[in-house]
Amino acid sequence: MSESRFLPNFEPIAPFSRLTDSGILDSGESPMSDDAVLEALRYMMLTRVFDDKATSMQRQGRFGTFSSVRGQEASVVGAASALDPTKDWIVPQYREFPALIRHGYPIENFALYFMGNPKGGTIPPNVNMLPMQISLAAQIPQATGLAWGLKMQGGDGVVITFFGDGASSEGDFHESLNLAGIMKAPVIFFLQNNGWAISTPRENQTAARSFAERAIGYGVEGVMVDGNDLLAVHEVTKQAVAKARAGRGPTLIESVTYRTGAHNTADDPTRYIDQQELEKWQQKDPVERIKNYLRSRGIWNENLEQELLDSCAAQIDAAMEIARNTPLATSDALFDHVYAEPPQRMLDQKRDWANRNGDAR
Amino acid sequence: MIEAIRECLGQEMEADNRVVVIGEDVGVLGGVFRATDGLQARFGKERVVDMPLAEGVIVGSGIGLAMSGLRPVIELQFLGFGHQAFHQIGQQVARLRYRSQGRHALPLVIRSPFGGGVRTPELHSDAFEAFYTHTPGLKVVAPATAYDAKGLLAAAMESDDPVLYLEPLKGYRLTKDEVPDERYTVPLGKLRVAREGADVTLIAWSAAVNVAERAAEELSEQGISVEVLDLRSLNPLDIVGISESVAKTGRVAILHEAPLTGGFGGELVATIQQECFYSLEAPIIRISAPDTPYPLGGVEDLYIPDVDRVVAEVVALAKASA
């Protein structure tokens, strides 16, 4: 109504997609080469192998509480595959295993972290990432500042930060989009709307019809993408990366997907998840969907699948072996790296703790 | 003192183009207390940045700036607004070096005025230092003199550890002392003997040092010789310096603006009784605000310990025996 003093309701937008649920590409050209799709699929399968292995180890008491990527593999890998690890940065939450591994974070470090060894937090010097973030949304301002700082120093690196629909209710999300818009920071806010924040459904996070449209309020571009469609996620993220690299500012990407696993290994989703809805999303499994796409291209078969699975399993087993053989942390791990120049009192404590715990020195 | 802070920021920005200043009203206005006056004109809008009013993202983006290779100095307009950024300061700034196993250094300084006595509106004047001294990974300094304000700020900016640099609201214009023109540093973690004495050790920091010195002057007229320690730095804490003084006097009073319970004075009492038990001739006393919220300006003089109260309590301490 033209005479209304109130802003109009936005028309609901549909997520951008390239593949049908059964993996058939639309009439356009694929944004990824077959080799690139195969590489991406391998990361998706690697993630599934890791998640299964880690979950079974957790049940045996050999692995800590952790969050699997199940159901969101295309979302995470599609985004990561649009990045250049030599200059782009990942500022993760905690459900982005394949993105971190592709960027160069060792699998054994990831495993050690969830086995409770602080050494797992070690980020190799050439790997452009921040530690995983457990405090929801706290990484988003950091990603914004990092992107702004890279730009200020004349670099063309881009920062992507991952978080969920739940985290987008935190003030840090809103403050960050606002600042990024002002500074035209080269940052991509990659919001994985997986339907759930532990047991809190998406409806309880916002009355907005999409998370993507929240960008408008901050003068930032938003886009909604089918998060179970590897090609669509890759395409949208690649465009956002190119835009940020060219100095045209941030993008909020809402990747619509579904957490078909538990929130983490301590969670029991049967208490709150609707079984029918879960089954509906399981039908849209992102791994099967991209395999179907490759089948339609005539480059997928049982042999190739087995070959890839075997190589993924070997890679995960080797990493887990390294993690298992890593000596348990001594009490020094409580103290090392807290300060550049530690206070004497903490150094005294470090010595006392070591003596009490019988470290050889 | 405010001039000393401003001069230091200018000199450091001149010497190192990685230094950037971000905060609310720090640009054109030069900060509500003028600590950054003229810096934007000298160094440009890229390096002296007026931020949107959101403390969480001011500190949080400062972390990102530091990780990108810059050396940010963040102005929190009042420490009372620090709670809006507390999750970024306590859980993020202070831990990221540790959480990344040393990969990410955080050479950032958070400057913030704190403490009362200047009739501010509500929620501007609390002395919240103890929240931050209970945050491993974060260094906390609180200069009392203009000389130390400049030298400690330079040291904080030089440090690869994050530093919370607390400025006495009351001392900004009141505190005047000689400040050399050239650049110098005052080491983090070394106290200053503000006044030598033999009978009682009176420990203070920031604006309370001035109160302590004036009380010591009055007490000397009553024949009580008070040694005033200006801690300058709460973390690292100069335990050796404190112990040397207590060994000499055997009597200790701790003076702070913050409420008693959970205040940093409690930490000092525990440390001194452990380090100096056999030197003590009387129980250690704490002279502080009551355990109540910081009041409106009309009654703040009743809240913050003043010279008369310090004199009375120290006279009693000088007579007390263990």
**Prompt:** Hey, A:G120 hits all of (1) assigned to a helix (DSSP H, G or I); (2) closer than 26 Å to A:G195 by Cα but one; which does it fall short on?
**Reply:** (2)
**Complete:** Taking the range A:78-102 and keeping only residues that are under 23 Å from A:R259 (Cα atoms), open to solvent by less than 10 Å² (accessible area, probe 1.4 Å) and not in a strand (DSSP E or B), one is left with A:G78, A:A79, A:A80, A:P92, A:E96, A:F97, A:P98, A:A99, A:L100
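Kindly provide the set of residues from the range A:223-264 that are of a type in the set (G, A, S) and either under 15 Å from A:M183 (Cα atoms) or open to solvent by less than 40 Å² (accessible area, probe 1.4 Å) (or both), ordered by number.
A:G227, A:A232, A:A240, A:A244, A:A246, A:G247, A:G249, A:S255, A:G261, A:A262
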**Prompt:** Would the range A:51-61 turn up any residue that is modelled with pLDDT of 95 or more, open to solvent by 20 Å² or more (accessible area, probe 1.4 Å) and touching a Lys or Arg at 6+ places or on another chain (Cβ under 8 Å)?
**Reply:** no
**Complete:** Exactly one of B:L76, B:L53 is open to solvent by less than 10 Å² (accessible area, probe 1.4 Å) and either modelled with pLDDT of 95 or more or on the phi > 0 side of the Ramachandran plot (or both), and that one is B:L76
**Fill in**
Taking the range A:174-202 and keeping only residues that are more than 10 Å from chain B (Cβ to nearest Cβ), modelled with pLDDT of 95 or more and in contact with a Pro (Cβ under 9 Å, 6 or more places away or on another chain), one is left with A:K184, A:P186, A:I188, A:F189
**Request:** Kindly indicate whether any position in the range B:25-44 is within 19 Å of B:F114 (Cβ to Cβ), open to solvent by 10 Å² or more (accessible area, probe 1.4 Å), more than 10 Å from chain A (Cβ to nearest Cβ) and of a type in the set (D, E).
**Result:** yes
**Complete:** Only one of (1) in contact with a Gly (Cβ under 9 Å, 6 or more places away or on another chain); (2) within 13 Å of chain B (Cβ to nearest Cβ); (3) touching a residue at least 12 places away in the same chain (Cβ under 8 Å); (4) open to solvent by 10 Å² or more (accessible area, probe 1.4 Å) does not apply to A:M115, and that is (2)
**Message:** I'd like the full set of residues that are over 24 Å from the mean Cα position of the chain (by Cα) and in a loop (DSSP other than H, G, I, E, B), limited to the range B:30-50.
**Reply:** B:G38, B:G44, B:K45, B:E46, B:R47
**Prompt:** What strands (runs of 3 or more DSSP E), lying completely within the range B:224-270, carry at least 3 residues that are more than 14 Å from the chain's Cα centre (by Cα), surrounded by fewer than 23 Cβ atoms within 10 Å (Cβ to Cβ) and free of Cβ contacts under 8 Å to residues at least 60 places away in the same chain?
**Reply:** none
**Asked** What is the residue count in the range B:56-73 for residues that are open to solvent by 20 Å² or more (accessible area, probe 1.4 Å) and more than 7 Å from chain A (Cβ to nearest Cβ)?
**Response** 1
**Complete:** Going through the range A:178-226 in order, the residues found to be assigned to a helix (DSSP H, G or I) and under 18 Å from A:A14 (Cβ atoms) are A:R202, A:A212, A:E213, A:R214, A:A215, A:I216
**Item:** Subset of the range A:177-193 (residues that are open to solvent by less than 10 Å² (accessible area, probe 1.4 Å) and of a type in the set (A, V, I, L, M))
**Value:** A:L177, A:L179, A:A180, A:A185, A:V187, A:I188, A:L191
**Asked** Is there a residue in the range A:317-329 that is under 22 Å from the mean Cα position of the chain (by Cα), assigned by TED's automatic domain parsing to the domain that holds A:G116 and open to solvent by 50 Å² or more (accessible area, probe 1.4 Å)?
**Response** no
**Message:** I'm checking my understanding of the structure. Among residues of the range B:79-108 that are open to solvent by less than 10 Å² (accessible area, probe 1.4 Å) and under 17 Å from B:A130 (Cα atoms), which one is farthest from the other protein chains (Cβ to nearest Cβ)?
**Reply:** B:L79
**Prompt:** Mind checking which residues of the range A:273-291 are farther than 27 Å from A:L309 by Cβ and either modelled with pLDDT of 95 or more or open to solvent by 70 Å² or more (accessible area, probe 1.4 Å) (or both)?
**Reply:** A:D274, A:Q275, A:Q276
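The values are calculated or read from the model by the stated rules, or taken from the named source; none is laboratory data. Not measured: the values here are computed from a predicted model. Cβ sites come from the backbone with ideal geometry, for glycine too, and all protein chains shown count toward neighbours. Please note that ligands, DNA and RNA were not included when accessible areas were found on the heavy atoms of the full protein model with its side chains. Shrake-Rupley method; radii C 1.70, N 1.55, O 1.52, S 1.80 Å.
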